[in-house]
Amino acid sequence: MLRGRRVLLCVTGGVAAYKSAYLARRLLEAGAVVRVEMTDSALEFVGSQTFAAITGESPFTSLFDTVLVSPHTELARWADLVVVAPATAATLGRIANGISEDLVTATVLATTVPVLLAPAMHTEMWEHPATVRNLETLREFGYHVVGPEEGPLAGGDVGPGRVAEPEEILAAASGILAREGRGRKILITAGGTREPVDPVRFLGNRSSGKMGHAIADAAVVRGYDVTLVTTADLPVHPATKVIRVETAEEMLGAVEGTDPEIAILAAAVADFRPADTAESKIPRADGLSSIELASTPDILASVVGRAIPPFTVGFAAETGGLERAKEKARRKNVDLMVYNDVTEPGSGFGTDTNRVAFIDRDGAVEELPLLAKREVAERILDRVAAAVDGQG
Ligand code: CTP
């Protein structure tokens, strides 16, 4: 998986920096093209000449004093993968808080490719609430983390905080690149549709769009070409093609304009809409005893019914149990159904977590524990990659 891939190895200031010299060698042996960035603190521990001798190119050490006009953005775009090893507590804190103080943090902020962090620090620093919180934030942003391990630390201490071994970092790097989107087109629908009664009122549902947006963010980081058709007013990764819609009809129109290899339909599409939409606000005094409803288009059916359908993932947000979801998976003819019981605490609409089960074409079920929606998104994309590429 590393053959021919461009790995930017960022070395920050810890004694574990010496191990990154060996990591650079192992990455090269695995066929990767390696360039190196070092912070001033890293240079206190290892000489740049060590990395120059291994990679054949002097490391980049400054945002300014360099042959490149804009090293952070140029290297950020050059890389297929950024590995920060060792990643100090200070570096993790800066990245988590968007502070681009040196070449490494500026590059990490500027890149859209996957980033693998290998933390290394003393146990007390690793366990400090600030570090714990920063790690949580970094994981939410979609950064990958490998280690740290437990073992001897600088100064004779022992405990968790020791940087992951080069072989482990190599395996993690290879795993990340194996799950990449490589520019494949992926369509994601998100949010609940709003079906207007009049210019002010609508029929809607409780879907927040968080799950679909989490999938879109994770897919962008994996290098997919992402089109997100959404009703939700949530932030998106700048590399996402966003089509904002409101109604099922508009969502169908947007979906019809796409030709993806993979479709993940996470939107909660209204099944019914008001048959007529009033052109001006219906005055209270006029009264409204009933609303006549008409069916909305089945977007999923239109996708699955294409001459060459994409690999299609459907969602079954249910109150009716797993058996009903299995029946729905068959009926809807999807490649993968993501089931969740919306009545369960921490699961479903508006929450930041979700407990889902995957149902595949054969009816085989994999139940996942309660996870952050971002983590659920990663698991869905892992299943998609495994099915589409035969990769695990
Ligand atoms: N879906 C869709 N278009 C619709 C309705 C649903 O694309 N008009 C998609 C959803 O995005 C989801 C899947 O179909 O991926 C299942 O949605 P759900 O609302 O559970 O399906 P329904 O057909 O409404 O099933 P039921 O009313 O029987 O629960």
Residue pairs within 8 Å by beta carbon, gap of at least six or interchain, first lying in the range 98-125 and without any contact (Cβ under 8 Å) to a residue 12 or more places away in the chain, second open to solvent by 20 Å² or more (accessible area, probe 1.4 Å), listed first then second, are 98/109; 101/94
Restricting the range 94-134 to residues that are under 17 Å from residue 71 (Cβ atoms) and not in a helix (DSSP H, G or I), the one most open to solvent (accessible area, probe 1.4 Å) turns out to be 101
Picked from the range 41-75 (must be of a type in the set (Gly, Ala, Ser) and without any contact (Cβ under 8 Å) to a residue 40 or more places away in the chain), the residue farthest from residue 23 (Cα to Cα) is 70
Checked 282, 243 against criteria (more than 27 Å from residue 355 (Cα to Cα), assigned to a loop (DSSP other than H, G, I, E, B) and not assigned by TED's automatic domain parsing to the domain that holds residue 112); the one match is 282
- Item | Any chance residue 342 is at pLDDT 95 or above and either open to solvent by less than 50 Å² (accessible area, probe 1.4 Å) or among the acidic types (Asp, Glu) (or both) | no
Residue 330 passes all but one of the listed conditions (1) modelled with pLDDT under 95; (2) more than 21 Å from residue 212 (Cβ to Cβ); the exception is number (1)
Looking across the range 290-300 at residues that are of a type in the set (A, V, I, L, M) and within 7 Å of the ligand (Cβ to nearest atom), the single one that is surrounded by the most Cβ atoms within 10 Å (Cβ to Cβ) is 299
Turns out the strands (runs of 3 or more DSSP E) fully within the range 135-215 with at least 1 residues that are of a type in the set (Gly, Ala, Ser) and under 30 Å from residue 248 (Cα atoms) are 185-190
All conditions in (1) open to solvent by 40 Å² or more (accessible area, probe 1.4 Å); (2) within 16 Å of the ligand (Cβ to nearest atom); (3) not in a loop (DSSP other than H, G, I, E, B) are true of residue 382 except (2)
Counting only residues that are in contact (Cβ under 8 Å) with a residue 12 or more places away in the chain and of a type in the set (Gly, Ala, Ser), the range 363-391 contains a total of 5
The number of residues in the range 307-321 that are part of a loop (DSSP other than H, G, I, E, B), more than 8 Å from the ligand (Cβ to nearest atom) and open to solvent by less than 60 Å² (accessible area, probe 1.4 Å) is 1
Taking the range 230-244 and the residues there that are closer than 23 Å to residue 206 by Cα and open to solvent by 20 Å² or more (accessible area, probe 1.4 Å), the one that is nearest to the ligand (Cβ to nearest atom) would be 231
Restricted to the range 173-193 and to residues being touching an Asp or Glu at 6+ places or on another chain (Cβ under 7 Å) and open to solvent by 10 Å² or more (accessible area, probe 1.4 Å), the residue nearest to the ligand (Cβ to nearest atom) is 185
All-but-one check, residue 303 against (1) within 11 Å of the ligand (Cβ to nearest atom); (2) among the hydrophobic types (A, V, I, L, M, F, W, C); (3) under 26 Å from residue 199 (Cα atoms), failing number (3)
The residue that is farthest from the chain's Cα centre (by Cα), considering only those in the range 244-297 that are under 21 Å from residue 311 (Cα atoms) and free of Cβ contacts under 8 Å to residues at least 24 places away in the same chain, is 253
Of the candidates 270, 254, the one satisfying the condition of being within 16 Å of the ligand (Cβ to nearest atom) and assigned to a helix (DSSP H, G or I) is 254
Checklist entry - Does the range 52-62 contain at least one residue that is over 23 Å from residue 148 (Cβ atoms), at pLDDT 95 or above, open to solvent by less than 20 Å² (accessible area, probe 1.4 Å) and in a strand (DSSP E or B)? => result yes
Looking across the range 327-356 at residues that are away from the ligand (no atom under 14 Å from the Cβ) and of a type in the set (Gly, Ala, Ser), the single one that is farthest from residue 303 (Cα to Cα) is 346
Of the residues in the range 68-80, those that are farther than 13 Å from residue 109 by Cα and not small (Gly, Ala, Ser) come to 68, 69, 78, 80
Within the range 216-237, the residues that are at pLDDT below 95 and either part of a helix (DSSP H, G or I) or in the same structural domain as residue 76 (by TED's automatic domain parsing) (or both) are 217, 218, 219, 220, 221
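The values are calculated or read from the model by the stated rules, or taken from the named source; none is laboratory data. Keep in mind the model is a prediction, meaning the values are calculated, not measured. With ideal geometry, Cβ positions are generated from the backbone for all residues, glycine too; neighbour counts draw on all protein chains shown. Quick note on the areas: whole protein, heavy atoms, side chains included, nothing else; ligands and nucleic acids left out. Shrake-Rupley method; radii C 1.70, N 1.55, O 1.52, S 1.80 Å.
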